[in-house]
1. Between helix B:218-228 and chain B, what is the angle of the helix's C-alpha long axis to the longest principal axis, kept within 0 to 90° and rounded to the nearest 10?
2. With the contact rule set at Cα under 8 Å and sequence spacing of 6 or more, what percent relative contact order holds for segment B:204-322?
3. Which value at 222 nm does the protein assembly as shown reach when only helices count, each DSSP H run of 4 or more adding -39,500 (n - 2.57), with the total divided by all residues and rounded to the nearest 500 deg cm²/dmol?
4. With r defined as the distance between the Cβ atoms of residue B:169 and residue B:12 and R0 fixed at 25 Å, what FRET efficiency is calculated, to the nearest 0.05?
5. Run the simple label-point estimate for residue A:254 and residue A:211 please: 7 Å along Cα→C-beta, distance reported in nm.
6. Please give the average number of partner chain Cβ atoms lying within 10 Å of the Cβ of each residue in B:285-297, rounded to a whole number.
7. Could you state the angle between the C-alpha long axis of helix A:95-105 and the longest principal axis of the C-alpha atoms of chain A, as a value from 0 to 90 degrees rounded to the nearest 10?
8. Working from Cα positions, state the angle (0 to 90°, nearest 10) between the long axis of helix B:70-83 and the longest principal axis of chain B.
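Every number in this text was worked out from the coordinates using simple rules, so none of it is lab data. Note that the structure is a prediction, hence the values are computed from the model and not measured. Positions of Cβ are backbone-derived with ideal geometry, glycine not excepted, and every protein chain shown enters the neighbour counts.
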């Protein structure tokens, strides 16, 4: 079983994000970059599959050179090898460019399962996995809160608004996993040491053969304005000295809901 | 006039609530065509017309219900080639996102997700997307060839029937669905039990976060919700920790809600969460941390022990109702 896990390095989500008014991109300077916590669940799901079925897990990421740290983190969790797509020409890529770059980087290799988080914690569009599935001509099992692989098939419990659907696809397939699918393991010291010696292949635009189809040259959209949303008016904040519940009840009564 | 298409998701022939919101927005932008797929989709035509669709494509093959995304993408790609719409609008739902994303790769078009608004601008489109929990609004213009695909968040637009509606022209399609390629097939559907009103429809929501301390403490939320006739929601932290199923989750990756009153209990107010609830008419927050960002949104904030206050509040509400 060959598993590919797609990961993204993002600015630490615990630090409030801001946009650069000039470039209109996320400010990444001065903010720690981390492996997207959502992707840790994708790595964990991939590792659980190969631990049961045998095989190897490849970790792939696209980003600036420092995205190597995110790959190393996933390798420390137990991934076998990595691919880092990095090229100045790919800066500011949109989702479709990213999907094209990943598809090009794995051309000629065969993976039974490609696992991604449902969406990045910073961008949240969640488009890349489905775009990747489309480019590769594979079925997509999305929003998995449970994943089982048997007899050349993947079966998931797919999140719905009021429960879940059991959905099945033949391998190879792309799967996106939600945060609830597993508890991601924490890399052990031994894993961290071993990760340093694992092979990570670096590829750029030249290697991908994507001139004009990815990165700046192929942007499908442009940000033209960023402005603060109308803020809610600050309300009244009180400290509970025994009257807190009564204040809340009074307020509910004022709103005529009780 | 610009051609605006709406991907009209239906369940047993009834359009999902977000579809009516999409149609309301779409008819302000141009001539609206709806695409309704799956068994009994034809039953949705009247409602789609009432909300502004002038034309409806209907295809009732069960494959649209039973196979994820790909049959809809195949059909939409064919219809779009023929009909040349300027804009195709989807709801930011599980299926809407899968279909729109695949379609963007198929057609090499712009896809803008998480949108709250679409406007005309300089003969093209300007799409507004809230970021960082809705604190900033980003306006994006498409640069690829038409159509532009836009995923609009549920509850971003208030659904209103059109002032003058006519029965839409219906084109019933029967072209065969390609069953030759590998697909993701739905084997069965499971519903999780929930009592009381649905989160999306509730006028009062009582929502809990990590600050509740332990999963069993959600019981008192259930009790409070029962007294108030409210629905119970949860933050992502609580859902990821397995205290509550995902169907309770409110926020970026969960549901967007717009109740009259939102009562946030032990919820810190991470942007992930607030993007899904800041549209509430009134927000009440109870949290022991005076620095919790939720207090910046709250109309009434109480700093204190959430357990104690909730138990007192249940009594308080009971005694007032008794009067």
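1. 80 degrees
2. 25 percent
3. -8000 deg cm²/dmol
4. 0.60
5. For the pair residue A:254/residue A:211, the computed spacing is 6.7 nm.
6. For peptide B:285-297, the averaged partner shielding equals 2.
7. The helix A:95-105 is inclined about 20 degrees to chain A.
8. That helix lies at roughly 50 degrees to the long axis.
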